[in-house]
Amino acid sequence: MTELSIPEFRARFPLVAAKTYLNSCSQGALSEDVRHAMAAFLRSWNDQGSPWEAWVDIVEQLRAAFAGLIGASPDEVAVMPSASAGINAIASAFGFDGPRRHVVAGEFEFPTMGQIWLAQERRGAQVTWAKAVDQTLPAASFDAAIDDRTLLVACTRVCYKNGFRTDVPAVARTARERGAYILLDDYQFSGSGRTSVRELGVDFMVTGGLKYLLGPSGVAFLYVRRDLIERLEPTITGWFGRVNPFEFRADRLDWPPSARRFECGTPPVPNACGALAGIGLLRRVGLETVERHVAALAGLAVDRAREAGYALLTSADPGSRGPLVVIRSRDAQALVARLQQKGVITSARDGGLRLSFHAYNTPEDVERAFAALAAEEALLERAVAAR
Ligand SMILES: Cc1ncc(COP(=O)(O)O)c(C=O)c1O
(Lines give C-alpha, C1' and ligand atoms only; values in the text may rest on other atoms or scores of the structure.)
Protein backbone atom coordinates (compact mmCIF):
# COMPACT_ATOMS: atom_id res chain seq x y z
CA MET A 1 0.00 0.00 0.00
CA THR A 2 1.29 3.44 -0.86
CA GLU A 3 0.27 6.52 1.06
CA LEU A 4 -0.46 8.62 -2.01
CA SER A 5 -2.25 7.54 -5.17
CA ILE A 6 -0.95 8.72 -8.53
CA PRO A 7 -3.79 11.31 -8.90
CA GLU A 8 -3.13 12.57 -5.35
CA PHE A 9 0.56 12.85 -6.19
CA ARG A 10 -0.19 14.73 -9.41
CA ALA A 11 -2.48 17.14 -7.54
CA ARG A 12 0.52 18.43 -5.57
CA PHE A 13 2.14 19.92 -8.70
CA PRO A 14 0.28 23.08 -9.84
CA LEU A 15 2.41 23.27 -12.99
CA VAL A 16 1.08 20.05 -14.50
CA ALA A 17 -2.50 21.31 -14.40
CA ALA A 18 -1.48 24.38 -16.39
CA LYS A 19 0.98 22.85 -18.87
CA THR A 20 1.84 19.55 -20.49
CA TYR A 21 5.11 19.24 -18.63
CA LEU A 22 7.41 16.64 -20.20
CA ASN A 23 10.77 17.99 -19.10
CA SER A 24 11.64 16.18 -15.89
CA CYS A 25 14.90 15.09 -17.57
CA SER A 26 15.91 18.74 -17.25
CA GLN A 27 14.13 19.84 -14.07
CA GLY A 28 11.40 18.13 -12.07
CA ALA A 29 8.17 20.09 -11.55
CA LEU A 30 7.74 22.04 -8.31
CA SER A 31 5.42 20.44 -5.75
CA GLU A 32 3.57 22.22 -2.98
CA ASP A 33 5.64 20.13 -0.57
CA VAL A 34 9.00 21.38 -1.88
CA ARG A 35 7.73 24.96 -2.08
CA HIS A 36 6.60 24.82 1.57
CA ALA A 37 9.87 23.26 2.71
CA MET A 38 11.92 25.98 1.02
CA ALA A 39 9.62 28.66 2.42
CA ALA A 40 10.08 27.14 5.88
CA PHE A 41 13.85 27.49 5.46
CA LEU A 42 13.43 31.19 4.64
CA ARG A 43 11.16 31.61 7.67
CA SER A 44 13.70 29.95 9.97
CA TRP A 45 16.43 32.22 8.61
CA ASN A 46 14.20 35.28 8.97
CA ASP A 47 12.93 34.43 12.46
CA GLN A 48 15.99 32.82 14.05
CA GLY A 49 18.95 34.17 12.10
CA SER A 50 21.36 31.25 12.33
CA PRO A 51 19.77 27.99 13.50
CA TRP A 52 22.72 26.00 12.15
CA GLU A 53 22.10 22.98 14.35
CA ALA A 54 18.62 22.54 12.91
CA TRP A 55 19.91 23.19 9.38
CA VAL A 56 22.72 20.63 9.67
CA ASP A 57 20.15 18.19 11.01
CA ILE A 58 18.11 18.67 7.82
CA VAL A 59 21.19 17.73 5.78
CA GLU A 60 21.54 14.58 7.91
CA GLN A 61 17.88 13.73 7.36
CA LEU A 62 18.44 14.16 3.64
CA ARG A 63 21.49 11.87 3.72
CA ALA A 64 19.41 9.17 5.47
CA ALA A 65 16.42 9.63 3.15
CA PHE A 66 18.54 9.30 0.01
CA ALA A 67 20.41 6.30 1.46
CA GLY A 68 17.04 4.64 2.12
CA LEU A 69 16.02 5.25 -1.48
CA ILE A 70 19.05 3.42 -2.93
CA GLY A 71 19.43 0.63 -0.38
CA ALA A 72 22.60 2.08 1.16
CA SER A 73 23.52 3.10 4.68
CA PRO A 74 23.68 6.85 5.51
CA ASP A 75 27.40 6.42 6.21
CA GLU A 76 27.90 5.56 2.53
CA VAL A 77 26.35 8.81 1.24
CA ALA A 78 27.97 12.23 0.82
CA VAL A 79 25.70 15.23 0.23
CA MET A 80 27.29 17.33 -2.51
CA PRO A 81 26.44 20.58 -4.34
CA SER A 82 26.58 18.88 -7.76
CA ALA A 83 27.22 15.51 -9.37
CA SER A 84 30.41 17.01 -10.81
CA ALA A 85 31.65 17.73 -7.27
CA GLY A 86 31.02 14.06 -6.39
CA ILE A 87 32.96 12.79 -9.41
CA ASN A 88 35.81 15.20 -8.69
CA ALA A 89 36.03 14.06 -5.07
CA ILE A 90 36.48 10.45 -6.25
CA ALA A 91 38.89 11.36 -9.06
CA SER A 92 41.04 13.37 -6.63
CA ALA A 93 41.38 10.34 -4.35
CA PHE A 94 43.26 8.33 -7.00
CA GLY A 95 46.96 8.77 -7.66
CA PHE A 96 47.18 7.21 -11.17
CA ASP A 97 50.68 6.07 -10.30
CA GLY A 98 50.26 2.30 -10.39
CA PRO A 99 49.86 -0.16 -13.26
CA ARG A 100 46.13 0.66 -13.44
CA ARG A 101 45.75 4.15 -14.87
CA HIS A 102 43.05 3.74 -17.47
CA VAL A 103 39.53 5.08 -17.06
CA VAL A 104 36.97 3.52 -19.39
CA ALA A 105 34.04 5.86 -20.06
CA GLY A 106 30.96 5.09 -22.13
CA GLU A 107 30.33 7.23 -25.19
CA PHE A 108 26.91 8.11 -23.74
CA GLU A 109 28.32 9.91 -20.71
CA PHE A 110 27.12 13.37 -19.80
CA PRO A 111 29.95 15.82 -20.70
CA THR A 112 30.98 16.44 -17.11
CA MET A 113 31.90 12.76 -16.62
CA GLY A 114 34.18 12.62 -19.66
CA GLN A 115 35.67 16.04 -18.94
CA ILE A 116 36.56 15.33 -15.30
CA TRP A 117 38.39 12.12 -16.19
CA LEU A 118 40.12 13.79 -19.16
CA ALA A 119 41.35 16.45 -16.73
CA GLN A 120 43.01 13.63 -14.75
CA GLU A 121 45.24 12.84 -17.76
CA ARG A 122 47.54 15.63 -16.49
CA ARG A 123 47.84 13.52 -13.31
CA GLY A 124 48.68 10.28 -15.14
CA ALA A 125 45.26 8.89 -16.08
CA GLN A 126 44.37 7.74 -19.57
CA VAL A 127 40.80 7.81 -20.78
CA THR A 128 39.52 5.20 -23.24
CA TRP A 129 35.96 4.89 -24.52
CA ALA A 130 33.38 2.13 -24.63
CA LYS A 131 31.97 2.58 -28.12
CA ALA A 132 28.35 3.21 -28.96
CA VAL A 133 26.72 1.08 -31.64
CA ASP A 134 24.23 3.39 -33.37
CA GLN A 135 21.97 4.60 -30.56
CA THR A 136 22.90 1.80 -28.14
CA LEU A 137 25.80 1.17 -25.80
CA PRO A 138 25.91 -2.61 -25.32
CA ALA A 139 27.59 -4.15 -22.28
CA ALA A 140 29.85 -5.85 -24.87
CA SER A 141 31.40 -2.44 -25.66
CA PHE A 142 32.51 -2.12 -22.05
CA ASP A 143 33.65 -5.75 -22.12
CA ALA A 144 35.90 -4.91 -25.10
CA ALA A 145 37.35 -1.83 -23.38
CA ILE A 146 37.99 -3.01 -19.80
CA ASP A 147 41.31 -4.79 -19.17
CA ASP A 148 43.98 -5.20 -16.51
CA ARG A 149 45.07 -1.57 -16.95
CA THR A 150 41.59 -0.28 -16.09
CA LEU A 151 41.34 1.50 -12.76
CA LEU A 152 37.74 2.66 -13.06
CA VAL A 153 34.75 2.36 -15.37
CA ALA A 154 32.47 5.40 -15.68
CA CYS A 155 29.02 4.46 -16.82
CA THR A 156 25.74 6.34 -17.11
CA ARG A 157 22.48 4.39 -16.54
CA VAL A 158 20.20 6.40 -18.87
CA CYS A 159 21.75 8.54 -21.61
CA TYR A 160 20.68 12.19 -21.45
CA LYS A 161 20.49 12.60 -25.22
CA ASN A 162 18.80 9.44 -26.50
CA GLY A 163 17.33 7.72 -23.42
CA PHE A 164 19.29 4.48 -23.91
CA ARG A 165 19.47 2.46 -20.70
CA THR A 166 22.72 0.61 -20.13
CA ASP A 167 22.78 -2.88 -18.59
CA VAL A 168 24.58 -1.64 -15.47
CA PRO A 169 24.73 -4.99 -13.58
CA ALA A 170 26.46 -6.59 -16.60
CA VAL A 171 29.01 -3.76 -16.86
CA ALA A 172 29.57 -3.86 -13.09
CA ARG A 173 30.18 -7.63 -13.25
CA THR A 174 32.82 -7.22 -15.95
CA ALA A 175 34.51 -4.40 -14.04
CA ARG A 176 34.59 -6.46 -10.85
CA GLU A 177 35.93 -9.59 -12.59
CA ARG A 178 38.78 -7.55 -14.08
CA GLY A 179 39.62 -5.74 -10.84
CA ALA A 180 38.32 -2.30 -11.83
CA TYR A 181 36.02 0.04 -9.91
CA ILE A 182 32.73 1.17 -11.40
CA LEU A 183 31.23 4.64 -10.98
CA LEU A 184 27.60 4.99 -12.05
CA ASP A 185 26.03 8.28 -13.12
CA ASP A 186 22.38 7.78 -12.22
CA TYR A 187 21.20 11.35 -12.76
CA GLN A 188 18.80 10.52 -15.62
CA PHE A 189 17.16 7.69 -13.67
CA SER A 190 17.17 8.44 -9.92
CA GLY A 191 13.63 9.06 -8.70
CA SER A 192 11.96 7.46 -11.72
CA GLY A 193 12.19 3.91 -10.37
CA ARG A 194 13.60 1.55 -7.76
CA THR A 195 17.33 1.45 -7.19
CA SER A 196 19.47 -0.87 -5.12
CA VAL A 197 23.17 -0.10 -5.27
CA ARG A 198 23.85 -3.62 -4.00
CA GLU A 199 21.84 -5.23 -6.82
CA LEU A 200 23.48 -2.95 -9.39
CA GLY A 201 26.87 -3.96 -8.02
CA VAL A 202 28.41 -0.48 -8.30
CA ASP A 203 31.27 0.89 -6.19
CA PHE A 204 30.40 4.57 -6.56
CA MET A 205 27.30 6.39 -7.73
CA VAL A 206 26.54 10.05 -8.35
CA THR A 207 23.20 11.65 -8.95
CA GLY A 208 21.49 14.95 -8.33
CA GLY A 209 18.28 16.19 -6.79
CA LEU A 210 16.74 18.39 -9.43
CA LYS A 211 15.28 16.00 -11.99
CA TYR A 212 13.14 12.96 -11.07
CA LEU A 213 14.06 13.41 -7.38
CA LEU A 214 11.89 16.56 -7.54
CA GLY A 215 14.18 18.96 -5.68
CA PRO A 216 15.88 22.23 -6.58
CA SER A 217 19.33 22.61 -8.15
CA GLY A 218 22.41 22.77 -5.96
CA VAL A 219 22.13 19.43 -4.20
CA ALA A 220 23.53 16.08 -5.32
CA PHE A 221 24.66 12.78 -3.85
CA LEU A 222 27.71 10.57 -3.93
CA TYR A 223 27.42 6.92 -2.82
CA VAL A 224 30.65 5.13 -1.91
CA ARG A 225 30.61 1.41 -1.08
CA ARG A 226 31.43 0.99 2.57
CA ASP A 227 34.65 -1.02 2.31
CA LEU A 228 36.17 1.51 -0.12
CA ILE A 229 35.59 4.58 2.03
CA GLU A 230 38.56 4.27 4.31
CA ARG A 231 40.91 3.45 1.44
CA LEU A 232 40.28 6.80 -0.27
CA GLU A 233 41.45 10.25 0.77
CA PRO A 234 40.30 12.96 -1.65
CA THR A 235 42.65 15.89 -2.25
CA ILE A 236 39.66 18.04 -3.15
CA THR A 237 38.49 18.50 0.44
CA GLY A 238 37.48 21.02 3.07
CA TRP A 239 36.35 21.46 6.65
CA PHE A 240 33.05 19.59 6.22
CA GLY A 241 35.10 16.53 5.22
CA ARG A 242 36.60 16.31 8.71
CA VAL A 243 35.75 14.10 11.70
CA ASN A 244 34.45 17.16 13.55
CA PRO A 245 34.23 20.29 11.39
CA PHE A 246 33.49 22.35 14.49
CA GLU A 247 36.87 21.57 16.02
CA PHE A 248 38.25 24.33 13.79
CA ARG A 249 41.79 22.96 13.46
CA ALA A 250 43.52 24.38 10.37
CA ASP A 251 46.61 22.34 11.30
CA ARG A 252 44.86 18.97 11.33
CA LEU A 253 43.66 16.82 8.44
CA ASP A 254 41.67 13.82 9.69
CA TRP A 255 39.21 11.57 7.89
CA PRO A 256 35.84 10.40 9.15
CA PRO A 257 35.21 6.69 8.54
CA SER A 258 32.11 7.60 6.49
CA ALA A 259 31.41 9.09 3.05
CA ARG A 260 31.31 12.51 4.72
CA ARG A 261 35.05 12.55 4.02
CA PHE A 262 34.17 13.34 0.37
CA GLU A 263 32.29 16.53 1.32
CA CYS A 264 33.97 19.89 1.14
CA GLY A 265 32.44 23.12 2.44
CA THR A 266 29.25 24.45 4.01
CA PRO A 267 26.33 22.27 2.89
CA PRO A 268 23.66 23.66 0.54
CA VAL A 269 20.98 24.02 3.23
CA PRO A 270 18.12 25.70 1.29
CA ASN A 271 18.47 23.12 -1.47
CA ALA A 272 18.67 20.30 1.06
CA CYS A 273 15.33 21.44 2.53
CA GLY A 274 13.72 21.22 -0.90
CA ALA A 275 15.41 17.94 -1.80
CA LEU A 276 14.28 16.32 1.46
CA ALA A 277 10.67 17.25 0.72
CA GLY A 278 10.98 15.95 -2.87
CA ILE A 279 12.30 12.58 -1.71
CA GLY A 280 9.63 12.47 1.02
CA LEU A 281 6.95 12.88 -1.62
CA LEU A 282 8.43 10.12 -3.77
CA ARG A 283 8.51 7.75 -0.83
CA ARG A 284 4.84 8.43 -0.16
CA VAL A 285 3.83 7.47 -3.68
CA GLY A 286 6.38 4.62 -3.80
CA LEU A 287 9.14 4.14 -6.35
CA GLU A 288 7.68 0.87 -7.57
CA THR A 289 4.46 2.70 -8.48
CA VAL A 290 6.44 5.51 -10.11
CA GLU A 291 8.45 3.02 -12.18
CA ARG A 292 5.36 1.20 -13.45
CA HIS A 293 3.57 4.43 -14.33
CA VAL A 294 6.60 5.92 -16.07
CA ALA A 295 7.23 2.73 -18.08
CA ALA A 296 3.62 2.77 -19.30
CA LEU A 297 3.87 6.42 -20.40
CA ALA A 298 7.22 5.89 -22.11
CA GLY A 299 5.76 2.84 -23.86
CA LEU A 300 2.76 4.85 -25.03
CA ALA A 301 5.04 7.59 -26.38
CA VAL A 302 7.14 5.02 -28.29
CA ASP A 303 3.95 3.48 -29.73
CA ARG A 304 2.61 6.88 -30.80
CA ALA A 305 5.93 7.83 -32.40
CA ARG A 306 6.06 4.56 -34.35
CA GLU A 307 2.43 4.86 -35.47
CA ALA A 308 3.15 8.35 -36.74
CA GLY A 309 6.33 7.14 -38.49
CA TYR A 310 8.70 9.40 -36.52
CA ALA A 311 12.35 8.38 -36.21
CA LEU A 312 13.09 7.40 -32.61
CA LEU A 313 16.51 7.75 -31.03
CA THR A 314 15.30 5.75 -28.01
CA SER A 315 15.29 1.97 -28.05
CA ALA A 316 11.97 0.25 -28.79
CA ASP A 317 12.99 -2.42 -26.24
CA PRO A 318 11.39 -1.48 -22.88
CA GLY A 319 14.37 -3.00 -21.03
CA SER A 320 16.75 -0.58 -22.78
CA ARG A 321 15.02 2.64 -21.91
CA GLY A 322 14.04 4.62 -18.83
CA PRO A 323 11.84 7.68 -18.32
CA LEU A 324 13.11 9.50 -21.42
CA VAL A 325 11.91 9.09 -25.02
CA VAL A 326 13.75 11.00 -27.76
CA ILE A 327 12.52 11.69 -31.28
CA ARG A 328 14.83 12.74 -34.08
CA SER A 329 14.15 16.26 -35.36
CA ARG A 330 15.44 18.38 -38.24
CA ASP A 331 15.63 21.33 -35.83
CA ALA A 332 15.00 20.23 -32.27
CA GLN A 333 15.40 23.72 -30.75
CA ALA A 334 12.76 25.12 -33.12
CA LEU A 335 10.49 22.19 -32.31
CA VAL A 336 10.82 22.82 -28.56
CA ALA A 337 9.86 26.47 -29.15
CA ARG A 338 6.83 25.52 -31.30
CA LEU A 339 5.60 23.01 -28.71
CA GLN A 340 6.10 25.54 -25.94
CA GLN A 341 3.71 27.91 -27.72
CA LYS A 342 1.11 25.16 -27.36
CA GLY A 343 1.84 24.64 -23.66
CA VAL A 344 3.90 21.47 -24.17
CA ILE A 345 7.22 21.79 -22.33
CA THR A 346 10.08 19.66 -23.66
CA SER A 347 13.81 20.06 -24.32
CA ALA A 348 16.36 19.34 -27.04
CA ARG A 349 19.82 17.79 -27.17
CA ASP A 350 21.69 17.50 -30.48
CA GLY A 351 19.06 16.48 -33.04
CA GLY A 352 16.68 15.00 -30.50
CA LEU A 353 13.43 16.19 -28.98
CA ARG A 354 13.30 14.90 -25.40
CA LEU A 355 10.00 13.84 -23.85
CA SER A 356 10.38 12.65 -20.28
CA PHE A 357 7.83 11.20 -17.92
CA HIS A 358 7.17 11.21 -14.20
CA ALA A 359 4.38 9.98 -11.99
CA TYR A 360 2.64 13.37 -12.33
CA ASN A 361 2.19 12.84 -16.07
CA THR A 362 -0.83 11.15 -17.60
CA PRO A 363 -1.61 9.32 -20.85
CA GLU A 364 -3.49 12.51 -21.84
CA ASP A 365 -0.18 14.41 -21.59
CA VAL A 366 1.32 11.99 -24.10
CA GLU A 367 -1.68 12.35 -26.43
CA ARG A 368 -1.50 16.16 -26.19
CA ALA A 369 2.20 16.13 -27.04
CA PHE A 370 1.64 13.93 -30.10
CA ALA A 371 -1.34 16.00 -31.23
CA ALA A 372 0.94 19.07 -31.08
CA LEU A 373 3.70 17.19 -32.94
CA ALA A 374 1.29 16.24 -35.73
CA ALA A 375 1.18 19.90 -36.73
CA GLU A 376 4.99 20.10 -36.89
CA GLU A 377 5.80 17.31 -39.32
CA ALA A 378 8.22 19.53 -41.24
CA LEU A 379 10.48 19.60 -38.19
CA LEU A 380 10.39 15.83 -37.64
CA GLU A 381 12.42 13.11 -39.31
CA ARG A 382 10.60 10.11 -40.70
CA ALA A 383 11.67 6.63 -39.67
CA VAL A 384 13.28 4.65 -42.48
CA ALA A 385 10.74 1.98 -43.41
CA ALA A 386 11.90 -1.52 -42.45
CA ARG A 387 12.50 -3.69 -45.52
C1 LIG B 1 23.45 12.26 -16.68
C2 LIG B 1 23.87 13.56 -16.06
N3 LIG B 1 25.00 13.62 -15.34
C4 LIG B 1 25.43 14.77 -14.80
C5 LIG B 1 24.71 15.94 -14.95
C6 LIG B 1 25.24 17.22 -14.40
O7 LIG B 1 25.40 17.18 -13.04
P8 LIG B 1 25.90 18.42 -12.20
O9 LIG B 1 25.53 19.66 -12.94
O10 LIG B 1 25.17 18.28 -10.90
O11 LIG B 1 27.35 18.27 -12.04
C12 LIG B 1 23.52 15.92 -15.68
C13 LIG B 1 22.74 17.16 -15.81
O14 LIG B 1 21.90 17.32 -16.62
C15 LIG B 1 23.09 14.71 -16.26
O16 LIG B 1 21.98 14.64 -16.99
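The values are calculated or read from the model by the stated rules, or taken from the named source; none is laboratory data. Please read these numbers as outputs of a predicted model, since none were measured by experiment. Cβ: placed from backbone, ideal geometry, glycine included. Neighbour counts: every protein chain shown. SASA here: full protein model, heavy atoms, side chains in, ligands and nucleic acids out. Shrake-Rupley method; radii C 1.70, N 1.55, O 1.52, S 1.80 Å.
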Just wondering, is there one or more residues in region 176-192 that are β-branched (Val, Ile, Thr) and under 20 Å from VAL290 (Cβ atoms)?
-> no
If ALA78 satisfies every condition in (1) touching an Asp or Glu at 6+ places or on another chain (Cβ under 6 Å); (2) within 15 Å of the ligand (Cβ to nearest atom); (3) open to solvent by 60 Å² or more (accessible area, probe 1.4 Å) but one, which is the exception?
-> (3)
Name every residue in region 241-252 that is open to solvent by less than 20 Å² (accessible area, probe 1.4 Å) and either within 12 Å of the ligand (Cβ to nearest atom) or in contact (Cβ under 8 Å) with a residue 12 or more places away in the chain (or both), in order of residue number.
-> GLY241
Answer yes or no: is there a residue in region 211-227 that is within 16 Å of the ligand (Cβ to nearest atom) and surrounded by fewer than 20 Cβ atoms within 10 Å (Cβ to Cβ).
-> yes
Filter result (away from the ligand (no atom under 16 Å from the Cβ) and open to solvent by less than 50 Å² (accessible area, probe 1.4 Å)) within region 81-102 | ALA93, PHE94, GLY95, PHE96, GLY98, HIS102
Determine whether SER192 is closer than 30 Å to LEU30 by Cβ, more than 9 Å from the chain's Cα centre (by Cα) and either away from the ligand (no atom under 15 Å from the Cβ) or open to solvent by 10 Å² or more (accessible area, probe 1.4 Å) (or both).
-> no
Could you identify the single residue in VAL16, VAL56, VAL34 that is away from the ligand (no atom under 16 Å from the Cβ), open to solvent by 30 Å² or more (accessible area, probe 1.4 Å), of a type in the set (Val, Ile, Thr) and assigned to a helix (DSSP H, G or I)?
-> VAL56
Evaluation of ALA72 against (1) under 13 Å from THR207 (Cβ atoms); (2) more than 16 Å from the ligand (Cβ to nearest atom); (3) in a strand (DSSP E or B) (one fails), failing number = (3)
